[in-house]
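Okay, structure first, notes after.
Nothing in this text is a laboratory measurement; each read-out follows from the coordinates by a stated rule. Just so it is clear, the model here is predicted, and its values are computed rather than measured. All Cβ positions, even for glycine, are placed from backbone atoms using ideal geometry, and neighbour counts span all protein chains on display.
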């Protein structure tokens, strides 16, 4: 690992036509980083034609790596000479050597680099080093950014790795996804947002995250938290009223590894589900649907009641039944009245 005063000093200014920098924090990702970069170097337009390589660049921020992450990234980049793939190494002090610092350092630099170049309409995109973007990921991101300040992409498990997961883990993942879709649909019906029309997804994580550089700055950048820094940035964007699109067309495929690089992430859940195996008495538990409906519609005291969590499959069925029974118009009026009060 190279230790220098300014690890970004060798990164040149962006091409004049560049409007997107894809930021990839990477910690001991030698196994996956080549696949991640290859997917970016093979980006296409929505019509299947090549996405001009000068319109975006890539910044790999390899921090505190004890494997060959940076070397593999550089060798991979050398195989795509028409693409600007920059690899930066830094050894962070142990008290701040976590993904929050890494993502913040890399995204802050990317924003500052565009500002120094006088590019005011830049977009900061992010993915993870164990994730492969779909062929038109960037072009769909740019398309969905019209009328929005940030775009969250749909994060799917790599199909080849998904097939290797135990049946109980796949079942829990399906149950969790079905519940989150039902919750997102109900939320959209009760409180529709013109910049995020239904259908859309619910995810808000680092493997597919894009934000206008100006909005990123207004939100204060990535909060320097040890874990779930992507969720913290999302919450900061919500806090300033950013228009956030959750697009089903923007897709990436992430690994199913259970040794997560950050505690509390997707890998942590997979590890727990793997441990539970096929125990049917250990389903995914979620908020009681009566509390969910009360919270979204502003139904007074019910939202304050203590009701035990229920299996995700049961909650999904209850939310779908609620939406199917003609309750939405009444719920929307109740919600509006609650907000007005």
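Brief remarks follow.
- Angle between the chain longest axis and helix 328-340 axis [Cα atoms, degrees, rounded to 10]: 70 degrees
- Modelled FRET efficiency - R0 30 Å, residue 198 with residue 66, Cβ distances, 0.05 increments: 0.10
- Spatial separation of Cα centroids for region 180-212 and region 95-173, in angstrom: 16 Å
- Helix axis angle, 229-239 relative to the chain longest principal axis, alpha carbon, degrees: 60 degrees
- If both residues of a DSSP beta bridge must be in the chain, then about 35% of such bridges are antiparallel.
- With the cut-off at under 20 Å, measuring from each backbone N in region 154-179 to a point 7 Å along the Cα-to-Cβ line of residue 305 picks out no residue.
- The label-point distance for residue 214 and residue 317, in a model that sets each label 7 Å from Cα toward Cβ, rounds to 5.0 nm.
- Shown for 212, 226, 249: other C-beta atoms within 10 Å of each C-beta, ranked fewest to most, produce the order 226, 249, 212.
- Top of 56, 209, 109 by mean-square fluctuation, Gaussian network on the chain, Cα under 10 Å: 109
- Every helix of 4 or more DSSP H residues in the chain counts as -39500 (n - 2.57), and over all residues that averages to -12000 deg cm²/dmol at 222 nm.
- Remark: spin-label model distance residue 295-residue 54 equals 5.0 nm, labels positioned 7 Å along the Cα→Cβ axis.
- Choice from 155, 123, 240 showing the highest fluctuation, given a GNM over the chain with Cα pairs closer than 10 Å: 240
- Whether region 96-168 is rounded, prolate or oblate, judged on the alpha carbon gyration tensor where a/c under 1.5 counts as rounded: oblate
- Label-point separation, residue 285 to residue 78 (7 Å along Cα→Cβ), nm: 5.4 nm
- Computed from the C-beta positions of residue 115 and residue 35 and an R0 of 25 Å, the FRET efficiency is 0.20 to the nearest 0.05.
- Tensor-based shape of region 21-90 (alpha-carbon gyration tensor, a/c under 1.5 rounded, otherwise prolate or oblate): prolate
- Summary value for the chain: 19 percent relative contact order, contacts being C-alpha pairs under 8 angstrom separated by 6+ residues.
- Residues 60, 120, 99 in ascending order of nearby Cβ atoms (within 10 Å, fewest first): 120, 99, 60.
- Length gained when the stretch residue 180-residue 10 is fully extended (0.36 nm per residue, less Cα-Cα span): 56.9 nm
- Folded to 0 to 90 degrees: helix 99-116 orientation relative to the chain principal axis, Cα: 60 degrees
- Global geometry of region 87-216, whether rounded, prolate or oblate, following the gyration tensor of its Cα atoms and the 1.5 cut on a/c: oblate
- Förster radius 41 Å - calculated FRET efficiency between residue 276 and residue 96 (Cβ-Cβ, nearest 0.05): 0.75
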